[in-house]
1. What tally of residues in the stretch 1-20 results from selecting those that are under 24 Å from ASN265 (Cα atoms), part of a loop (DSSP other than H, G, I, E, B) and near the ligand (Cβ under 9 Å from one of its atoms)?
2. Looking at (1) surrounded by fewer than 21 Cβ atoms within 10 Å (Cβ to Cβ); (2) over 18 Å from the mean Cα position of the chain (by Cα); (3) not assigned by TED's automatic domain parsing to the domain that holds ARG165, which is the one condition that is false for ASN253?
3. Within the stretch 20-29, is there a residue that is modelled with pLDDT of 95 or more, crowded, with 16+ Cβ neighbours inside 10 Å and closer than 30 Å to GLU135 by Cβ?
4. Say whether the condition of being at pLDDT 95 or above and within 22 Å of ASP57 (Cβ to Cβ) is met by at least one residue in the stretch 251-273.
5. Can you pull out every residue in the stretch 132-153 that is part of a loop (DSSP other than H, G, I, E, B), within 20 Å of the chain's Cα centre (by Cα) and crowded, with 17+ Cβ neighbours inside 10 Å?
6. Residues in the stretch 21-35: is at least one farther than 27 Å from LEU218 by Cβ and part of a helix (DSSP H, G or I)?
7. Are any residues in the stretch 208-250 more than 16 Å from the ligand (Cβ to nearest atom) and assigned by TED's automatic domain parsing to the domain that holds ALA186, and if so, which ones?
8. Look through GLY75, GLY124 and report the one residue that is outside the structural domain of ILE238 (by TED's automatic domain parsing) and more than 21 Å from the chain's Cα centre (by Cα).
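The values are calculated or read from the model by the stated rules, or taken from the named source; none is laboratory data. Predicted, not measured: the structure shown is a model, and the values here were computed from it. So basically every Cβ, Gly included, is an ideal-geometry build from the backbone, and we count neighbours across all protein chains shown.
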Amino acid sequence: MSELHIPVLLNEVLEMFSPFSGQKNLVYFDGTYGRGGHFKAVVEKFSPVKAYATDQDTRAYDQALQTWSDEIKIGRVEVHHKNFLEFVTENKAAEKIDMALLDLGVSSPQLDQADRGFSFNKDGPLDMRMNQKQELTAAKIINEFEAEDLIEIFKSYGEVQNPARVVRAVVNDRVAKPFTTTLQLAQLIERVDGWKKKGFHPATQYFMALRLVVNRELQVVEEVLPLLIGQMQDKGRIAVITFHSLEDRLVKNIFKNSNDGFLVNKKVIVPSENECKMNVRARSAKLRVFQKGAEPEKPDKFALRRQQRDMNSEVE
Ligand SMILES: C[S@@+](CC[C@H](N)C(=O)[O-])C[C@H]1O[C@@H](n2cnc3c(N)ncnc32)[C@H](O)[C@@H]1O
């Protein structure tokens, strides 16, 4: 089983945290530890005095505990098995945070390991839980939700234009045989919707919608960001990497409309062509960075020109 996860937009995240270079007593919070690629790089580059990591996946948590056992003993690193929303709501970081990172979505091991049930081309249980201890699974949604609710889920979270035929087939088939596996659902979708776009499996958007609902992915981001802003140090920065247009829009709007800080990068940061070639999973990544506190005033170029003109006319 692959345990490899290549951190996405790593140089860009480090660059966005570069104002903290050389500063002492820094506090870092990584809400999505995964396999710790970003965590390790930030800890090594900025040597924060305290680094907090959380992940709701038990495998990610166990790996973090093992990797950082020495630093955990001396209190430099703290690792939690929690949703980042819980971590922030419970105010687990005792100090104000300087650098925070949320690298949203699922990790490569979660996608690649068939038993997690995220992938429509690997046979596994219809699960999709990031937190293996939670009750709601994709199978529960598919087998128990009303047809209207399923239609709504696929339309609003998967942006499927017309999911009614698939939902009708699901509701019909599940009476005789409940859905238990990923391939069972993927094959039904393929049978009903057929292939419309080359290279784009018809189950892609349906699986995305289910995953977002199973893990409440959009809701936790919407709830956590205002709370996290409150726990940041003045000039502290929050970097968020998204992989889904709905998620990116949400992050952008929360940051743009906040009265407590400003978006550092007015234009969204995306991976280079080279990064996308090396790691296809980077293709849809987008990075937005928020800084707490007042935005430094930009020099007004007209005022500068006026000043220059006045000075020149005084000389004449
Ligand atoms: C894209 S991966 C992060 C990869 C990581 N940055 C690295 O370099 O290895 C996302 C990870 O965040 C976790 N995750 C996603 N949403 C979460 C949430 N709301 N709370 C805690 N962990 C979450 C997932 O379980 C997964 O392990």
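1. Total meeting the criteria: 3.
2. All conditions are met except number (2).
3. For the stretch 20-29, residues modelled with pLDDT of 95 or more, crowded, with 16+ Cβ neighbours inside 10 Å and closer than 30 Å to GLU135 by Cβ: present.
4. yes
5. Scanning the stretch 132-153 gives a single hit, THR137.
6. No: zero hits.
7. Within the stretch 208-250, just ALA209 meets the criteria.
8. The unique qualifying residue is GLY124.
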